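Comments concern the structure below.
The values are calculated or read from the model by the stated rules, or taken from the named source; none is laboratory data. This one's a predicted model, so the numbers in the text were calculated from it and none came from an experiment. Cβ coordinates were reconstructed from backbone atoms using ideal geometry, including for glycine residues, and neighbour counts include every protein chain displayed. Note: areas computed on protein heavy atoms with side chains; ligands, DNA, RNA excluded. Shrake-Rupley method; radii C 1.70, N 1.55, O 1.52, S 1.80 Å.
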Amino acid sequence: MEEEEIINRVASSALEVFDLEDYYPAGMRTAVDISQWLDEGFLLREKQFREQLKSHDWQQYDGHFVAVYCSTDAILPAWAAILVTLQLAPYARKIVSGTIADLDTALYQELLPTLDYAVYKDKPVIIKGCSSKPVPMGAYVLAAQILQPVARSIMYGEACSAVPLYKTVRK
């Protein structure tokens with residue numbers, strides 16, 4: 001009995017895989033919690049707040065991507081986060097208001113529009129779903145928007161179990 005050759009149909013297809021993990025911006029991510037400088041984590045006393053910011057070691061964030069947030073339900077004036085941001089600005093690579101996921105989304109929002117999508121022109125594309133890095137949902141949403149006018153079709157997941165999302169209507 002002759003053995004049948006196993007053919008990898010995915011590898012021989014026109015299918016292109018768009019893996020957001022390939023574009024995950026390298027660098028340290030740090031969350032800075034404003035509540036650490038609030039009285040009992042809730043009350044902002046301006047003089048004390050400003051003094052604590054002045055004495056904080058901002059150099060520790062040198063080269064970091066930083067998310068500025070408040071972990072408590074404190075009601076803060078807008079200038080509080082702005083003041084923290086201005087302290088971070090000489091050191092941090094990027095600063096956003098929000099969570100680490102918000103930070104990663106912002107990084108992808110800057111990066112994805114700069115990529116060359118010519119390789120995906122008129123081809124079926126799978127936006128790879130599994131990732132060992134924390135790719136935020138916002139990055140997937142943006143990637144789909146950017147790929148839609150370029151790709152013939154868009155799927156999500158893995159080649160063996162992709163979910164169809166979009167297909168160009170042939171005229």
Top of TRP79, TRP37, TRP58 by mean-square fluctuation, Gaussian network on the chain, Cα under 10 Å: TRP79
Distribution of pairwise C-alpha distances over region 131-171, 10 Å bins, in %: 25, 52, 21, 3
The chain, relative contact order [Cα under 8 Å, separation at least 6], %: 23 percent
Value of relative contact order over region 14-70, rounded to a whole percent, pairs C-alpha under 8 Å and six or more apart: 51 percent
DSSP-assigned coil residues among trypsin sites (Lys or Arg not before Pro) in region 113-164, each with at most 12 further Cβ atoms within 10 Å: LYS121
P(r) histogram, all alpha-carbon pairs of region 106-162 included - 10 Å bins from 0, percent: 22, 56, 22, 0
Leading residue at positive end of dipole, the chain (Cβ point charges), from GLY27, GLN48, GLY157: GLN48
Overall dimensions of region 35-109 by Cα: Rg and Dmax, Å: 12.5, 37
Candidates ARG93, ARG29, ARG45, ranked by Gaussian network fluctuation over the chain, Cα under 10 Å, top entry: ARG45
Over the chain, volume per residue of the alpha carbon convex hull, in Å³: 180 Å³
Interchain or long-range residues, amide H under 5 Å from GLN148's placed H: none
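State the antiparallel share, in %, of DSSP beta bridges confined to the chain, rounding to the nearest 5.
25 percent
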Environment charge at THR30 (Cβ cut-off 12 Å; Lys +1, Arg +1, Asp -1, Glu -1): +1
Whole-Hz ³J(HN,Hα) from phi, Karplus 6.51 cos²θ - 1.76 cosθ + 1.60, for region 19-30, glycine and proline x: 10, 4, 4, 4, 10, 4, x, 6, x, 6, 9, 9
VAL68 long-range amide H proximity, modeled H, under 5 Å: VAL32, VAL96, SER97, GLY98
Helix-only mean residue ellipticity at 222 nm for the chain, each DSSP H run of n ≥ 4 adding -39500 (n - 2.57), per residue, nearest 500: -8000 deg cm²/dmol
Accessible area per residue in Å² at 1.4 Å probe, computed on region 10-112: 55 Å²
Vicinal HN-Hα couplings computed from phi for region 108-121 (Karplus, 6.51 cos²θ - 1.76 cosθ + 1.60; Hz; Gly/Pro x): 5, 4, 6, 7, 4, x, 8, 6, 8, 9, 4, 4, 9, 4
Residues with amide H under 5 Å from that of ILE127, placed H, sequence gap 5 or more: PHE18, MET155, TYR156, GLY157
Radius 13 Å from Cβ of LYS123, net charge of other residues (Lys, Arg +1; Asp, Glu -1): +1
Calculated from backbone phi, Karplus (6.51, -1.76, 1.60) coupling profile of region 46-57 in Hz, x at Gly/Pro: 3, 4, 4, 4, 4, 5, 5, 5, 5, 8, 6, 7
Degrees between helix 137-147 axis and first principal axis of the chain (Cα, 0 to 90, nearest 10): 50 degrees
